[in-house]
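For reference, the structure discussed in these notes is given below.
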Amino acid sequence: MRSADTPPPVLPCDDPIGLQSFAVLLRRMNAEFNRIVQEFAHAQGLHPTDVQALIAVLDAEHDEEGGGPMTPGRLGSQMNLTSGAVTACLDRLEKAGHVRRVRAADDRRVVHVHYAQAGREAAREYFRPLAGATDAARRQFGSDELHTVVRFLSEMNRQLIGVRR
């Protein structure tokens, strides 16, 4: 919850909950996330695409729909990359210590991609300020408001998946 002495955020137009306001605020947030991701990629000697792949591998570990561990094929489909581009990306990430490829025990033809502990620790250290900023922003809101925000973000993600080409 916002305290009485905290001014409301400056919004880009007359309708603070209109489509234009949402579009501007989401673009600004996305631009900041992209900046941070690019800085992390540079600091780790990676391509920004590599970091997007890392995010996909991490998110697969927490996939509520039971997609299971990430596979190179699924990563390629999700990121719209060719199999050669996925292989090059995973080679770079594995060489840098961010991921490890493991053959499935029940079918040795299947390869699972896991976030390596060293990579996880490097990311955790680098993104600690972002986590702190997220927590500071989160603490400004009450439980009901946060549930609404989570509902909105979940629905946005669902809608964005629907507009993939």
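The values are calculated or read from the model by the stated rules, or taken from the named source; none is laboratory data. Only a predicted model underlies this, so the values are computations on that prediction, with no experimental measurement involved. No Cβ is skipped: glycine too gets one built from the backbone with ideal geometry, and neighbour counts run over all protein chains shown. The protein model used for the area step is the full one, side chains on, heavy atoms only, and it has no ligands, DNA or RNA in it. Shrake-Rupley method; radii C 1.70, N 1.55, O 1.52, S 1.80 Å.
The table for this structure:
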{"item": "Residues being in a helix (DSSP H, G or I) and open to solvent by 50 Å² or more (accessible area, probe 1.4 Å) - total across region 27-72", "result": "21"}
{"item": "So residue 2, is it of a type outside the set (Asp, Glu), out of contact with any helix residue (DSSP H, G or I) (no Cβ under 9 Å at 6 or more places or on another chain) and modelled with pLDDT of 90 or more", "result": "no"}
